[in-house]
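Novice: Encoded as structure tokens, here's the structure I'll be asking about.
The values are calculated or read from the model by the stated rules, or taken from the named source; none is laboratory data. As the structure is a computational prediction, the values presented were derived from the model and not from experiment. With ideal geometry, Cβ positions are generated from the backbone for all residues, glycine too; neighbour counts draw on all protein chains shown.
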Amino acid sequence: MLNAKKADYPIAARYAARNLWSGFLFGLGLIAFIDETVFHQLLHWHHFYDKGTTKLGLVSDGFFHAFSWFATIGGLFLMADLRRRNAWYPLRWWGGILTGAGIFQLYDGIIQHKLFQLHQIRYTVNLLPYDLTWNITALVMVLVGMLLLFRTRPIKIKENG
């Protein structure tokens, strides 16, 4: 991006970062929402915080749920702005979604489950298959997301002269 002005770039390149962050927030919020809905509410496998009472676990789930919705809605507001500007780049946006979802899931599986031990995926079972499935799925999402982001990165324009 040597000495080029913003106007010299195609609209997709000018809004590449916003497409990435819109998808990232949406992906992070969506995977957190799915985690909360499926594993916390429907299957009752755990709460966000399992080291206290059930009441505290439910309150922590409420905060987790609110966080996921703020991220999801924030990502959608950014996407709506991109569409209004005719600058929405769906492939880059999907790269952001997969990267955000995968990073959140890796963070959850490694930091929250193992390092901080806030909760486990499930209790009274052999955790290895669950942990491997959770973290390998997350890693695949990150790798595919990063591949899409790499393929849709803005091209540098060199000024003649």
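Novice: Hey, among the residues in segment 119-132 that are of a type in the set (A, V, I, L, M, F, W, C) and either over 20 Å from the mean Cα position of the chain (by Cα) or closer than 16 Å to V38 by Cβ (or both), which one's surrounded by the most Cβ atoms within 10 Å (Cβ to Cβ)?
Specialist: Of the residues in segment 119-132, the ones of a type in the set (A, V, I, L, M, F, W, C) are 121, 125, 127-128, 132.
After this cut, where a residue has to be either over 20 Å from the mean Cα position of the chain (by Cα) or closer than 16 Å to V38 by Cβ (or both) as well, the list is 121, 125, 127-128.
Numbers: I121: 19, V125: 11, L127: 15, L128: 8.
Checked segment 119-132; the qualifying residue surrounded by the most Cβ atoms within 10 Å (Cβ to Cβ) is I121.
Novice: Go through (1) in a helix (DSSP H, G or I); (2) at pLDDT below 90 one by one and return the number of the condition F24 breaks.
Specialist: (2)
Novice: Restricting attention to segment 62-90, which residues are assigned to a loop (DSSP other than H, G, I, E, B) and of a type outside the set (A, V, I, L, M, F, W, C)?
Specialist: Of all residues in segment 62-90, those assigned to a loop (DSSP other than H, G, I, E, B) come to 85-89.
Within segment 62-90, R85, N86, Y89 qualify.
Novice: Name the residues in segment 27-53 that are of a type in the set (G, A, S) and at pLDDT below 85, would you?
Specialist: Initial filter on segment 27-53 (of a type in the set (G, A, S)): 27, 29, 32, 52.
Listed by number, the list holds a single entry, G52.
Novice: Still on this structure, I have one more. Which condition breaks for R83 when tested against (1) more than 14 Å from the chain's Cα centre (by Cα); (2) surrounded by 13 or more Cβ atoms within 10 Å (Cβ to Cβ)?
Specialist: (2)
Novice: Is it true that I97 is in contact with a Gly (Cβ under 7 Å, 6 or more places away or on another chain), of a type in the set (V, I, T) and either within 21 Å of G29 (Cβ to Cβ) or modelled with pLDDT under 95 (or both)? Spell out how you get there, then give the answer.
Specialist: Numbers: in contact with a Gly (Cβ under 7 Å, 6 or more places away or on another chain): yes; of a type in the set (V, I, T): yes; either within 21 Å of G29 (Cβ to Cβ) or modelled with pLDDT under 95 (or both): yes.
Against the criterion (in contact with a Gly (Cβ under 7 Å, 6 or more places away or on another chain), of a type in the set (V, I, T) and either within 21 Å of G29 (Cβ to Cβ) or modelled with pLDDT under 95 (or both)), I97 qualifies.
Novice: Please work out if L30 is more than 19 Å from L149 (Cβ to Cβ) and of a type outside the set (K, R). Break it down into steps so the answer makes sense when it comes.
Specialist: Numbers: more than 19 Å from L149 (Cβ to Cβ): no; of a type outside the set (K, R): yes.
For L30, the condition - more than 19 Å from L149 (Cβ to Cβ) and of a type outside the set (K, R) - is not met.
Novice: Another question, if that's okay. For residues that are among the small types (G, A, S) and under 18 Å from P154 (Cα atoms), tally how many sit in segment 56-102.
Specialist: Of segment 56-102, the ones among the small types (G, A, S) are 57, 60, 62, 66, 68, 71, 74-75, 80, 87, 95-96, 100-102.
When the remaining residues are screened for being under 18 Å from P154 (Cα atoms), the result is 87, 95-96.
Of the residues in that region, 3 qualify.
Novice: While we're looking at this one, here's another question. Determine which single condition L56 fails, assuming it passes every other condition in (1) surrounded by fewer than 17 Cβ atoms within 10 Å (Cβ to Cβ); (2) modelled with pLDDT under 85.
Specialist: (2)
Novice: A further question follows. Confirm whether Q112 is surrounded by 15 or more Cβ atoms within 10 Å (Cβ to Cβ), modelled with pLDDT under 95 and assigned to a helix (DSSP H, G or I).
Specialist: Working: surrounded by 15 or more Cβ atoms within 10 Å (Cβ to Cβ): yes; modelled with pLDDT under 95: yes; assigned to a helix (DSSP H, G or I): yes.
It is true that Q112 is surrounded by 15 or more Cβ atoms within 10 Å (Cβ to Cβ), modelled with pLDDT under 95 and assigned to a helix (DSSP H, G or I).
Novice: Do we have any residue at all in segment 12-21 that's in a loop (DSSP other than H, G, I, E, B), touching a helix residue (DSSP H, G or I) at 6+ places or on another chain (Cβ under 8 Å) and within 17 Å of L149 (Cβ to Cβ)?
Specialist: Yes, there is a match, as at least one residue in segment 12-21 is in a loop (DSSP other than H, G, I, E, B), touching a helix residue (DSSP H, G or I) at 6+ places or on another chain (Cβ under 8 Å) and within 17 Å of L149 (Cβ to Cβ).
Novice: It is to be established whether one or more residues within segment 118-140 are part of a helix (DSSP H, G or I), of a type in the set (S, T, Y) and touching a residue at least 60 places away in the same chain (Cβ under 8 Å).
Specialist: Step one: filter segment 118-140 for residues part of a helix (DSSP H, G or I), giving 127-140.
Subset that is of a type in the set (S, T, Y): 130, 133, 137.
Still in the list and also touching a residue at least 60 places away in the same chain (Cβ under 8 Å): none.
Looking through segment 118-140, none of the residues is part of a helix (DSSP H, G or I), of a type in the set (S, T, Y) and touching a residue at least 60 places away in the same chain (Cβ under 8 Å).
Novice: Which one is farthest from W45 (Cα to Cα), of the residues in segment 115-153 that are modelled with pLDDT under 85 and in contact with a helix residue (DSSP H, G or I) (Cβ under 9 Å, 6 or more places away or on another chain)?
Specialist: In the first step, residues of segment 115-153 are kept if they are modelled with pLDDT under 85; the result is 118-123.
Narrowing further to those that are in contact with a helix residue (DSSP H, G or I) (Cβ under 9 Å, 6 or more places away or on another chain): 118-122.
Values: L118: 13, H119: 9, Q120: 8, I121: 7, R122: 5 Å.
That would be L118.
Novice: Name the single residue, out of those in segment 86-109 being polar (S, T, N, Q) and surrounded by 12 or more Cβ atoms within 10 Å (Cβ to Cβ), that is farthest from F150 (Cα to Cα). First the steps, then the outcome.
Specialist: Here is the first cut: in segment 86-109, the ones polar (S, T, N, Q) are 86, 99, 105.
Add one more test, that the residue is surrounded by 12 or more Cβ atoms within 10 Å (Cβ to Cβ), and what stays is 99, 105.
On the way: T99: 12, Q105: 21 Å.
So, considering only residues that are polar (S, T, N, Q) and surrounded by 12 or more Cβ atoms within 10 Å (Cβ to Cβ), the one farthest from F150 (Cα to Cα) is Q105.
Novice: Please state which of the following conditions V38 fails to meet, knowing it meets all the rest: (1) closer than 25 Å to L139 by Cβ; (2) in contact with a helix residue (DSSP H, G or I) (Cβ under 7 Å, 6 or more places away or on another chain); (3) surrounded by fewer than 20 Cβ atoms within 10 Å (Cβ to Cβ).
Specialist: (2)
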